[in-house]
C-alpha cells in the first residue's frame, strides 16, 4: 500500500509498505477522511519524538472497516468508524489504574506515527478495536469526525486538567484548533470569562463563536501583565496551555491565582526545561498546580463527544478552513499545516464516500 511517511528528521515523502496485519483483537481501516496536525510537524521537522525512518504519519482520521480480527465482537467489515488519536491497550495495568494513555509506558497509548504507522496510508491498523473504535453517526460528516480524533478530546482534556468550574475566569494560551476546543470546553463547563492569547484573525473569530470574551496578544507585552490589567489585579482561576513553548509557563504562573490550576495539553516539541518562577509560585507553597496530560482516547469518549455534535452543543465546522479531495492531497494538507498561513485553522482531506 501507499503511505505518506517520515523518512527521517526534516524529511517526509510517499513510500510503499506492506498492508498492516490484523491481529485477533484488531481492525484494519480504510480512511474516509484525514487531517494533519501540528504534532506531525513537530515530529518530522523538530524531531520531537526522535528519529523515525519510513514511519507513516498521521493520527487524525476516520474510515471504513476493511478487516476485523477473530475476537472482535462489535464491528464488522463495512462499518463507518471514528478512531481517536490515542489508542490505549485497555487491558494494561496503567489503564486499570486510570491512565490508559500511558498503557505499557509513558505516552505509549499514542501509537500512531510514534510506535507504529499512522493513518496517512491506504489502510491503517487499530489495536483493541472494540475499545478504540466508535461508530460514525450518519449525522456527522467524515470531515467533522476528524476533529473528534484529536482536536476536540485534547482541547477538552485541557479543561478537565484545569478543573474549570462554574463562574471561573479562564486563560487559554494559544487558540489554534486545540486551544479553540479548550475555549469551547471551558464555555460548556460554565466559565464566566475566557481570556484568549492569540493574534490570527481567523482564530479569534472562531474563538468568539466558541465563547471567548477577551483577547490579548503576546506581541503587545508580557501576557501576565495584560491579564492582570484585564482582571484588575485579581488574576485568573484556571489556565489551559494549548500553545507556546517551554517558556510559556512563567507567565501562566504569574497570571494564576493562589489555589489555581494549569492544565497543559500543549505538545512541547523542543527545549529541555520548563521554567517556573519561584516567588510567583509562592516559593513552592502557593497551591498553584500544573497538570500536563495526554488525552485518554477510547470508544466511550468518542461516543460522548460525538453526541455533543449530534445534539448541536458543539459545532466543529468552525475549525475546518481548508478542504482537499483525494488521498494524494495528504501531502499538500500537511505542508499547509507546516507553513501555517494566516487564514488556516485546520485542513481536511476527504478520501471517498
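The table below gives the values:
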{"item": "Residue that is farthest from the chain's Cα centre (by Cα) [pool: residues in region 183-197 that are buried (at least 24 other Cβ atoms within 10 Å of the Cβ) and in a helix (DSSP H, G or I)]", "result": "186"}
{"item": "From the options 245, 269, residue that is at pLDDT below 95, part of a loop (DSSP other than H, G, I, E, B) and surrounded by 14 or more Cβ atoms within 10 Å (Cβ to Cβ)", "result": "269"}
{"item": "Residue among 180, 133 that is buried (at least 24 other Cβ atoms within 10 Å of the Cβ), assigned by TED's automatic domain parsing to the domain that holds residue 79 and modelled with pLDDT of 95 or more", "result": "133"}
{"item": "The listed residue being in the same structural domain as residue 339 (by TED's automatic domain parsing), touching a residue at least 24 places away in the same chain (Cβ under 8 Å) and part of a loop (DSSP other than H, G, I, E, B), out of 62, 22", "result": "22"}
{"item": "Criterion: over 14 Å from residue 152 (Cα atoms), in contact with a strand residue (DSSP E or B) (Cβ under 7 Å, 6 or more places away or on another chain) and either assigned by TED's automatic domain parsing to the domain that holds residue 136 or at pLDDT 95 or above (or both) - qualifying residue of 293, 282", "result": "282"}
{"item": "Where a residue in region 48-59 is assigned by TED's automatic domain parsing to the domain that holds residue 266 and its partner, wherever it lies, is surrounded by fewer than 19 Cβ atoms within 10 Å (Cβ to Cβ), with Cβ under 6 Å and at least six apart", "result": "none"}
{"item": "Residue within region 61-70 that is under 20 Å from residue 129 (Cβ atoms) and loosely packed, with under 15 Cβ neighbours inside 10 Å present", "result": "yes"}
{"item": "Those residues of region 309-341 which are farther than 16 Å from residue 143 by Cα and more than 17 Å from the chain's Cα centre (by Cα), in sequence order", "result": "311, 312, 313, 328, 331, 332, 335, 336, 339, 341"}
{"item": "Selected residue (criterion: farthest from residue 293 (Cα to Cα)) from residues of region 85-117 that are surrounded by 18 or more Cβ atoms within 10 Å (Cβ to Cβ) and touching a strand residue (DSSP E or B) at 6+ places or on another chain (Cβ under 8 Å)", "result": "117"}
{"item": "Hey, residue 209 touching a helix residue (DSSP H, G or I) at 6+ places or on another chain (Cβ under 6 Å) and more than 26 Å from residue 268 (Cα to Cα) or not", "result": "yes"}
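Residue-wise test of (1) without any contact (Cβ under 8 Å) to a residue 24 or more places away in the chain; (2) out of contact with any helix residue (DSSP H, G or I) (no Cβ under 8 Å at 6 or more places or on another chain); (3) within 30 Å of residue 257 (Cβ to Cβ).
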residue: 295; (1), (2), (3): no, no, yes
residue: 312; (1), (2), (3): yes, yes, no
residue: 320; (1), (2), (3): no, no, no
residue: 324; (1), (2), (3): no, no, no
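The values are calculated or read from the model by the stated rules, or taken from the named source; none is laboratory data. A quick note: this is a predicted structure, and the numbers were derived from the prediction, not measured. Using ideal geometry, Cβ is built from the backbone for each residue, glycine included, and neighbour counts are taken over all protein chains shown.
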